[in-house]
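Undergrad: Pasting a structure here, questions to come.
Derivation of every value follows stated rules applied to the coordinates shown; laboratory data play no part. These figures come from a predicted structure and were not determined experimentally. With ideal geometry, Cβ positions are generated from the backbone for all residues, glycine too; neighbour counts draw on all protein chains shown.
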Amino acid sequence: MKLRTAILFCCAALLTAGLFLLPALLGAKDAREVELKFDGRPKVGEPYLISVNTRQVRTYRMKLVGISNPPRRRETHEIHAVGELVYQSLDPLVVQFKVEMLSQVVDGEKTDYAPLAGMTAIVRSSGVNLRDIPLGTDEDAAESVLGGSADGQNRPKTTKEIREMLPGARRLIASMFAAPLDRPEDYLGKTRKVKPGDRWTASAKPMLEAIKANGLELAEDKVTATATYNNPTKDNASGITAQKVYFLAESANIPGYDFKLEVYFTFPDGGGDAPLQIDRSATEVVNRAIPEGVPGFSGSVMDCVTTDQSEIVMVRKSLLKAKKKNWFLDLF
């Protein structure tokens with residue numbers, strides 16, 4: 001899948017949903033049933049510390065008849081970002097992202113936007129597509145970060161060099177926030193009463209729609225999706241008690257196509273909020289046979305294997321204890 005599709009589920013879920021647990025049941029140590037709600041929302045106007053780490057690897061391989069070592073092509077794309085996120089509005093969606101750290105690696109070549117630390121991107125939505133990504137305040141924004149970070153030659157970036165970075169930074173931030181607005185409730189349901197270890201059938205509809213957008217239409221019975229509620233856990237580093245839900249979606253008996261998606265949602269206790277952390281791992285395999293009659297390629301197959309992993313951490317600053325507020329940046 002394309003990069004935007006690769007981060008569709010995790011980033012968009014963070015932006016638009018959360019989970020609420022009934023307070024009277026939060027501290028239960030036995031296996032009593034609890035009610036989980038998956039339709040919470042982030043707190044408008046409150047700052048969140050956020051980190052985004054994604055890695056996508058796409059491998060193309062030609063299985064040529066009579067050749068034991070088929071040709072391959074490998075593409076990689078990584079995004080690493082840390083900053084402060086404030087939701088200015090949920091409908092329409094408007095978020096403010098203040099850059100702390102921003103970089104990407106494409107096929108082993110790293111672009112570090114460290115000199116842009118302290119600059120702010122305003123991301124506005126129109127329908128389900130996010131666009132209009134002004135970074136800083138027009139061209140003069142570069143002046144505000146001069147001398148902040150040095151390049152490999154141990155000298156501050158010039159205004160011209162920083163301005164040259166802005167288009168790439170805009171595109172990178174856009175890719176982080178440009179997915180359609182799926183929500184955990186679209187997969188897990190709005191509410192559910194469960195005990196630790198309970199498993200239920202989840203919805204595969206958003207996955208089917210994403211696959212269809214990439215050119216392949218599947219019947220509902222070709223995809224299975226389940227969710228499992230894990231035991232409550234205590235994050236000793238942040239001091240936040242958390243609840244975990246595991247989501248699994250897999251294809252079934254589809255000629256020439258296969259995928260598996262695993263997502264671990266970590267939800268903070270308390271009122272409706274965005275997930276504290278989402279860990280996602282996905283693999284997609286597409287096999288395409290070369291049409292018969294193509295000279296020299298009859299019976300050959302083209303494979304495209306895409307794997308992507310992502311970790312999204314987003315912590316509302318007011319949830320962190322005073323002594324733990326440096327915990328987030330210490331992770332990176």
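Undergrad: Determine ³J(HN,Hα), in whole Hz, for all residues of the stretch 254-261 in sequence, where each value follows from phi through the Karplus function 6.51 cos²θ - 1.76 cosθ + 1.60 and θ = phi - 60°; x replaces Gly and Pro.
TA: Those phi angles translate into 10, x, x, 8, 7, 8, 9, 10 Hz.
Undergrad: Turning to a different aspect of this structure: Arrange the peptides 186-197, 92-103 so that the one whose residues have, on average, the most other Cβ atoms within 10 Å appears first.
TA: Working: 186-197: 16.7, 92-103: 18.6.
Sorting 186-197, 92-103 by mean packing, highest first, produces 92-103, 186-197.
Undergrad: For the stretch 32-38, just list the computed ³J(HN,Hα) in residue order, Karplus coefficients 6.51, -1.76 and 1.60, θ = phi - 60°, integers in Hz, with x standing in for Gly and Pro.
TA: Residue by residue, the stretch 32-38 yields 5, 6, 10, 9, 9, 10, 10 Hz.
Undergrad: Going highest first, how would you order 307-315, 249-257 by mean Cβ packing within 10 Å? List each step's numbers first, then the result.
TA: On the way: 307-315: 20.7, 249-257: 13.8.
Ranking the peptides 307-315, 249-257 by packing returns 307-315, 249-257.
Undergrad: Past 24 Å, Cα to Cα: identify those pairs from K110/K244; K98/K212; K43/K190, in the order given.
TA: Details: K110/K244 34 Å; K98/K212 34 Å; K43/K190 19 Å.
Over 24 Å Cα-Cα: K110/K244; K98/K212.
Undergrad: Please list 3J(HN,Hα) in residue order for the stretch 206-221, calculated via the Karplus relation 6.51 cos²θ - 1.76 cosθ + 1.60 where θ = phi - 60°; whole Hz, with x for glycine and proline.
TA: Karplus values, whole Hz, x for Gly and Pro: x, 5, 4, 5, 5, 5, 4, 5, 8, x, 10, 9, 10, 6, 4, 6.
Undergrad: Using the Cβ atoms and a cut-off under 10 Å, what net charge is assigned to the surroundings of R73, where Lys and Arg are +1 and Asp and Glu are -1? Intermediate results must be reported in sequence, preceding the final value.
TA: On the way: positive: R58, R61, R72, R74; negative: E75.
Every neighbour counted, the sum reads +3.
Undergrad: Just to be sure I understand the model, the point goes 7 Å from the Cα along the line to the Cβ. What's the resulting N253 to E46 distance in nm?
TA: 4.8
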